1. Over the Cα atoms of the stretch 75-162, Rg to Rh with Kirkwood Rh, two decimal places?
2. Give me the percent of DSSP beta bridges within the chain that run antiparallel, rounded to the nearest 5.
3. What whole-number volume per residue, in cubic angstrom, does the convex hull of the C-alpha atoms of the stretch 17-98 give?
4. Using percent of Cα pairs over 30 Å apart as the read-out, say which of [x] 40; [y] 19; [z] 23 was calculated from these coordinates.
5. Which of these, 179, 159, 148, has the largest mean-square fluctuation under a Gaussian network model of the chain (Cα springs below 10 Å)?
6. Could you tell me what a quarter of the Cα convex hull surface of the stretch 133-202 works out to, in nm² with one decimal place?
7. How long are the three semi-axes of the equivalent ellipsoid of the stretch 66-108, in whole Å, if each is the root of 5 times an eigenvalue of the C-alpha gyration tensor, listed from largest down?
8. Can you give the angle from 0 to 90° between the axis of helix 3-12 and the longest principal axis of the chain, with both taken from C-alpha atoms, to the nearest 10?
């Protein structure tokens, strides 16, 4: 069992019968969704409902027999489980390199308990250390957004597919990636700046959202709980 699978297996311990879950996106969360489906099929968990954060997660969940519902019908999720690209010591995250950051944030902000599953390589002292920050942009005049992002102390570019065409999200928007050579000096200030920019739909800074981080390492799987507990 690889590290991602170990983290996913540990997260399954947080699920109880009768829960409504936010189901994240990406390779690590796919293991969790697979294990959740197995638990439902084998009768260990019953009356589970899921709210997917991407079309791919929805497809996987349906194939495993996980009942899906709309967030508008169940706006108070018991639990959300998702991966992250970076996790800092304050449980702040960079997410979105799986291309689902907008839907992930919409769903996970409604969770009473947000559990993040990662391997130890995702732990960083400061956000922006290892991976770029992804952003979702409207297609209209996206070039001006890329130019503006490059004034923020980062190297920004439109996210392109291997064939050179723009990457497009489930929402029909473009994506950008921003590399910070000297880390992100103030994630809160950057998040506020990005949120105020028309044309930038959402950014991949998930601040003050995670309650628990499950970290799979070569020697053990650690469960780290935010010192303030559940903040919702």
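No value in this document is a laboratory result; all are computed from the given coordinates. Since we're looking at a predicted model, the values are computed, not measured. Cβ atoms come from the backbone with ideal geometry, glycine included; neighbour counts cover every protein chain shown.
1. Details: Rg = 14.7 Å, Rh = 14.6 Å.
Here the Rg-to-Rh quotient is 1.01.
2. Numbers: 23 of 41 bridges.
Here the share of antiparallel DSSP bridges comes out near 55 percent.
3. In the stretch 17-98, the Cα convex hull volume per residue is 101 Å³.
4. [z]
5. Among 179, 159, 148, the largest mean-square fluctuation in the Gaussian network model of the chain belongs to 148.
6. Values: hull surface 19.0 nm².
That works out to 4.8 nm², a quarter of the Cα hull's surface.
7. Ellipsoid half-lengths, sorted descending, are 23, 12, 9 Å.
8. Once rounded, the angle reads 60 degrees.
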